[in-house]
Amino acid sequence: MELLRSRLSVLDIAFSCSQSSNFQKYYSELMVWNKKFNLTRIVDYSGVQIRHFFDSLTIVQALNSELLKNGHFLDIGSGAGFPGIPLKIMFPGIKLTLIEATQKKAIFLNHIVQTLELDSVSVYNERSEILAHDPVLRNNFDVVLSRGVASLPTLVELTLPFCKLGGLVVAHKGTNAIGEIQDASNAVGTLGGKILECIPTNIDKGKHPKYLVVITKDAPTAEAYPRRVGIPRKRPL
């Protein structure tokens, strides 16, 4: 994990031998399970370190030290565990909930949580449109994360209902981040949010610009949202 280590040093993050070992186990298990479940198209060692592990951890640029110490995080559409699992490996004091609608991916998530012996991690195999109306989960999280799930106008409807007042949504976005922010302005306002910033992460040193879009929840989200399964994607606000 020397490539990951060198990239993290740019963010003033250092990891221990046990954390390095966990990332190595994560990579190994991902490759084994990928043959059965097709979890990722990125399989080369350096690619996983940069485009999965490091890309996930760039989120620290949007968070303060208190949140990284003991915040309550939700990762929506977690897939193979990105960005939530790398964040939990590096910052073990956080509480983490993973939502993944695809059963085979949720099975892998439970497996990797057990294999890495990560505590205070829960996995839900269900659609976020349904879980966002669960009183145990709604308005409950300090930070809601999402990477590669949907365009921002759709994504804010799937994420902001889970945020507590004053909480954050942090979305990994690609080269069209600014355009997505403009398209999502109505949805963000309708759902009680406010765009705080758009942070360039530059994981590929300028070749494929990526950004963190940070949204704060400064007003309650109406109980009608999110709408029923599939509607936020078909008819964005």
Within the stretch 131-149, residues being within 15 Å of the chain's Cα centre (by Cα) and buried (at least 20 other Cβ atoms within 10 Å of the Cβ) number 7
Note: among 128, 122, just one is exposed (fewer than 15 other Cβ atoms within 10 Å of the Cβ), of a type in the set (Ser, Thr, Tyr) and under 18 Å from the mean Cα position of the chain (by Cα), namely 122
Considering residues that are part of a helix (DSSP H, G or I), of a type in the set (A, V, I, L, M) and in contact with a Gly (Cβ under 9 Å, 6 or more places away or on another chain), the number found within the stretch 36-69 is 1
Subset of the stretch 1-18, residues surrounded by fewer than 17 Cβ atoms within 10 Å (Cβ to Cβ) and either small (Gly, Ala, Ser) or not in a loop (DSSP other than H, G, I, E, B) (or both), comes to 2, 3, 5, 6, 9, 10, 14, 16, 17, 18
Of the candidates 119, 134, the one satisfying the condition of being closer than 22 Å to residue 228 by Cβ and out of contact with any Gly (no Cβ under 6 Å at 6 or more places or on another chain) is 134
Original post:
Before we move on, is residue 23 in contact (Cβ under 8 Å) with a residue 40 or more places away in the chain and under 20 Å from residue 118 (Cα atoms)?
Top reply: yes
When the stretch 81-122 is checked residue by residue, the ones that are within 18 Å of residue 39 (Cβ to Cβ), without any contact (Cβ under 8 Å) to a residue 40 or more places away in the chain and in contact with a strand residue (DSSP E or B) (Cβ under 8 Å, 6 or more places away or on another chain) are 88, 98, 99, 100, 106, 109, 110, 113, 118, 121
* **Hey, residue 227 in contact (Cβ under 8 Å) with a residue 60 or more places away in the chain, in contact with a Pro (Cβ under 6 Å, 6 or more places away or on another chain), basic (Lys, Arg) and closer than 27 Å to residue 123 by Cβ or not** => no
Scanning the stretch 95-116 residue by residue, those part of a helix (DSSP H, G or I) and either modelled with pLDDT under 95 or under 14 Å from the mean Cα position of the chain (by Cα) (or both) turn out to be 109
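The values are calculated or read from the model by the stated rules, or taken from the named source; none is laboratory data. Source: prediction; values computed, not measured. Cβ: placed from backbone, ideal geometry, glycine included. Neighbour counts: every protein chain shown.
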